[in-house]
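Taken together, the values in this text are just the output of simple stated rules run on the coordinates, not laboratory data. Treat the numbers as computed from the prediction; the structure is a model and nothing was measured. We place every Cβ from the backbone using ideal geometry, glycine too, and count neighbours over all the protein chains shown.
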Amino acid sequence: DEHHLAEYLQSRLPELGLDFETYGSYVMGLVSEEEDDGGEGDWESILELLQASSESHSDNEQVWIDLKEEILKRHRAYLYEKKTESEEAK
């Protein structure tokens, strides 16, 4: 099964000058299928790596803050949808 963020990251990471195949797994590893949305220290490390590796947005701090917020928003929506589906199945 494809990770729930894969489609978004496949389009978003290249827009930020990053290769999805190389960096997508780092981001997807931060947000598991569980409630966990990664520790703050983990996010900081990954975002620093992405920013340093970006060919086009390495100087723009706000882009990375926005990326994290969008990923967490999508992840929480996915978890809510998954929880709702499992409750309806009961």
Revision key, fill the gap. Between the Cα axis of helix 20-30 and the main Cα principal axis of the chain, the angle (0 to 90°, nearest 10) is 50
Exercise for review: Describe numerically, in nm with one decimal, the distance between label points set 7 Å from Cα along Cα→Cβ at Asp59 and at Ala6.
Suggested key: 3.7
Exercise for review: Find the relative contact order for the chain and round it to a whole percent, using C-alpha pairs within less than 8 Å whose residues are 6+ positions apart.
Suggested key: 30
Practice item. Can you give me the three principal axis dimensions of the chain from its C-alpha atoms, in Å, biggest first? Key: 49, 24, 18
**Study point:** Listed residue (Gly41, Ser11, Gly24) projecting farthest to the positive dipole end of the chain, Cβ model
**Key:** Ser11
Review point. If the cut-off is 30 Å between C-alpha atoms, which lysines fall inside it for Lys68, apart from same-chain ones fewer than 8 positions away?
Key: Lys82, Lys83
